[in-house]
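Comments concern the structure below.
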Amino acid sequence: MSMSPTREGISGLSFPRQVWNLFRIQLTNWRWSWPQMVLTGMLAPMVSLAALGLFARESGPEASEFVLTGSVTMAILFETQNKIASNFAFMRSTGAFEYYASMPVRREALILATLGAFSLLSLPAVAVTLLLGSALLDVPLGFSPFAPFCLLLALLPSAGLGALIGSRCTTIEQASSLSLATTLLMMTLGPVAVPPDLLPDILVTIGHANPAVYASSTLRQSITSPSGLDVLPSLGALCVFALAAWLLTTLGMHWRARYSRVS
């Protein structure tokens with residue numbers, strides 16, 4: 001992992017500049033591996049899409065829309081939550097947190113920069129999954145003006161949850177296993193990739209506490225079945241989940257006292 005900035009070089013930078021510099025560091029660390037990230041980020045969603053698409057075609061267009069947006073949601077979870085969890089666990093185990101904490105850098109800047117970098121890196125896999133899934137399932141796309149904002153809010157809760165998991169785990173293996181288990185649970189608890197009328201009532205009820213349900217709903221209401229302002233309740237729920245993950249990560253992340261000035 002690159003740790004090139006010095007305390008003298010970062011000292012006195014404003015919060016936006018801290019975020020920008022740390023964002024560039026994270027992108028630089030992954031500049032050679034993003035094609036592999038696109039491939040691995042597409043693999044599980046496309047397998048899921050192909051399997052669920054078999055019943056979706058017989059269940060009507062609504063089921064196909066659920067399968068498509070559910071697969072895109074899975075791509076988001078694999079590319080943001082899982083990758084960020086592993087990255088934060090790596091930084092914790094290698095002492096990167098202590099390294100950055102010894103500088104005049106706010107932990108919020110590191111968290112925000114990491115969320116931004118991995119959210120950006122997830123976009124190719126999300127876009128390819130959406131376009132290929134639309135063609136395979138014969139689901140027409142109709143983007144609403146809210147679509148970019150909806151995609152951003154669909155990314156944030158999973159990215160925040162990945163940061164929370166990674167910041168609390170001591171090894172990369174532990175973070176990867178826990179994040180993968182969480183991803184699988186989130187995909188099955190509630191109407192994420194399957195319409196609610198095809199699920200047991202208990203799963204539909206539990207789904208009200210699952211951010212993946214709101215992410216899938218938001219994508220569906222802004223990409224496959226644009227519904228205008230009807231998407232606002234789902235967007236509000238995603239904001240609540242993202243804020244909760246952000247606060248828990250910030251409060252639970254070990255960060256030593258920073259220098260107030262450079263000697």
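The values are calculated or read from the model by the stated rules, or taken from the named source; none is laboratory data. All values derive from a computational prediction rather than experimental measurement. Please note: Cβ atoms are built from the backbone with ideal geometry, for glycine as well, and neighbour counts cover all protein chains shown. Protein only, heavy atoms only, side chains kept; ligands, DNA and RNA dropped before computing areas. Shrake-Rupley method; radii C 1.70, N 1.55, O 1.52, S 1.80 Å.
If a residue counts only when it is more than 17 Å from the chain's Cα centre (by Cα) and modelled with pLDDT of 85 or more, which helices (runs of 4 or more DSSP H) contained entirely in region 155-263 have at least 1 such residues?
The helices (runs of 4 or more DSSP H) meeting that bar are 172-188, 201-206, 232-252.
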- Restricting attention to region 182-204, does a residue exist that is under 30 Å from TYR100 (Cα atoms) and touching a helix residue (DSSP H, G or I) at 6+ places or on another chain (Cβ under 9 Å)? yes
- Which one of these is small (Gly, Ala, Ser) and buried (at least 17 other Cβ atoms within 10 Å of the Cβ): GLY142, GLY162? GLY162
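Could you list, in sequence order, all residues of region 53-62 that are in a helix (DSSP H, G or I) and surrounded by fewer than 22 Cβ atoms within 10 Å (Cβ to Cβ)? Full working, then the answer.
From region 53-62, those in a helix (DSSP H, G or I) are 53-59, 61-62; that's our starting set.
Within region 53-62, GLY53, LEU54, PHE55, ARG57, GLU58, SER59, PRO61, GLU62 meet the criteria.
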- Query: Among the listed residues THR188, THR129, THR171, which satisfies the condition of being exposed (fewer than 14 other Cβ atoms within 10 Å of the Cβ) and on the phi < 0 side of the Ramachandran plot?
  - Reply: THR171
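Could we say that PHE149 is open to solvent by 30 Å² or more (accessible area, probe 1.4 Å), assigned to a loop (DSSP other than H, G, I, E, B) and at pLDDT below 85 here? It would help to see each step written out before you state the result.
On the way: open to solvent by 30 Å² or more (accessible area, probe 1.4 Å): yes; assigned to a loop (DSSP other than H, G, I, E, B): no; at pLDDT below 85: yes.
It is false that PHE149 is open to solvent by 30 Å² or more (accessible area, probe 1.4 Å), assigned to a loop (DSSP other than H, G, I, E, B) and at pLDDT below 85.
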- Considering (1) under 19 Å from LEU123 (Cα atoms); (2) free of Cβ contacts under 8 Å to residues at least 24 places away in the same chain, say which one THR218 fails and leave the rest. (2)
- Task: Considering every residue within region 87-98, establish whether at least one is assigned to a helix (DSSP H, G or I), open to solvent by 20 Å² or more (accessible area, probe 1.4 Å) and free of Cβ contacts under 8 Å to residues at least 40 places away in the same chain.
- Result: no
